[in-house]
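One structure is given here, and the rest of the page talks about it.
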Amino acid sequence: MDKKWKLIKADPVFESKWLTVENRTYELPDGKRGENYVHVLRPDYVLILAKDRQDRIVVERQYRRGVDDFVYELPAGWIDKGETPLSAAVRELKEETGFVGSGEEKLTVYPEPAFMSMKAHIVFLEFDETTMSEQNLSDDEHLKWELINIDKVKKMIKEKRIQDMGFLAAMSVYENL
């Protein structure tokens, strides 16, 4: 049971700027051949739990076409080549909110390990809400953010108003570390 699958072949099915889909063939631990495993490759990203001195965190709300709904999320973004998760988190927080934060990486999680190699790095940042610059959003980022007290965030989770897996994972790490 502790033997890894051996990748034999990976045929590209689709490639874009943000994702690649491959059809993979493996040698399974029992020596049999497993075919037609769809594998998705995406860049790693950061999930940012950014908190001020008054125990408020940055919560974003934006439309997500995948679920055709407005979703509460934490600031997040791709890790650029040559960046650490911490430096990507500091950059993304500044771009999305204007806040400048500092902190540390807490945990790496696997959003969909059965078929995707992407990793999410949960980073906790602290910031001073009195010093900020302008947002620098991408053309397809249409988000609003607000500072919400941790207790109200917990209430929103209980009320099922927060459903984003990354947000819930980061809050779980925050509550348990």
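Taking θ as phi - 60°, what are the ³J(HN,Hα) couplings along segment 81-94 by the Karplus curve (6.51, -1.76, 1.60), each to the nearest whole Hz, with x for Gly and Pro?
Per residue, the Karplus-derived 3J(HN,Hα) values read 4, x, 8, 8, x, 5, 5, 5, 5, 4, 5, 5, 4, 5 Hz.
Under the rule that an exposed site lies in a DSSP loop and has at most 13 other Cβ atoms within 10 Å, name the longest stretch of the chain with no trypsin sites (Lys or Arg not before Pro) of that kind, not counting the sites themselves. Present the calculation step by step, with values, prior to reporting the outcome.
Numbers: sites that count: LYS3, LYS4, LYS17, LYS32, ARG53, ARG65, LYS81, LYS160, ARG161.
In short, 82-159.
Cα convex hull of the chain: how many Å³ per residue?
Working: hull volume 27.1 nm³, N = 177.
With only Cα atoms used, the chain gives 153 Å³ per residue.
Quickly work out the LEU19-to-ASP80 label distance, labels modelled 7 Å from Cα along the C-beta direction, and quote it in nm with one decimal.
2.4
Can you compute 3J(HN,Hα) from phi for each residue in segment 125-130, using the Karplus curve 6.51 cos²θ - 1.76 cosθ + 1.60 with θ = phi - 60°, rounded to whole Hz and x for Gly and Pro?
10, 10, 9, 9, 5, 7
Report, to two decimal places, the Cα Rg of segment 7-59 normalised by 2.2 N^0.38 Å (N = number of residues).
Its radius of gyration relative to the 2.2 N^0.38 Å reference: 1.93.
Would you pull out the residues with amide H under 5 Å of LYS106's amide H, same chain only if 5 or more places away, H placed 1.01 Å from N?
ILE122, VAL123, PHE124
Give me, ordered by chain and number, the residues 5 or more places off LYS119 or on other chains with an amide H under 5 Å from its own placed amide H.
HN-HN under 5 Å from LYS119: ASP44, TYR45.
Taking only Cα atoms and a 10 Å spring cutoff, compute GNM fluctuations for the chain and point out the largest among PRO29, PRO111, PRO12.
Of PRO29, PRO111, PRO12, the Gaussian network model singles out PRO29 as fluctuating most.
Output ³J(HN,Hα) for segment 42-49: one whole-Hz value per residue in order, computed from phi by the Karplus curve 6.51 cos²θ - 1.76 cosθ + 1.60 with θ = phi - 60°, and x for Gly and Pro.
Each residue's phi maps through the Karplus curve to give 9, x, 5, 9, 10, 10, 10, 9 Hz.
Quick note: the coordinates plus some simple rules give every number you see, no bench work behind them. From a predicted model like this one, the values you see are computed outputs, not experimental measurements. Note that each Cβ is placed from the backbone with ideal geometry, even for glycine, and that neighbours are counted across all protein chains shown.
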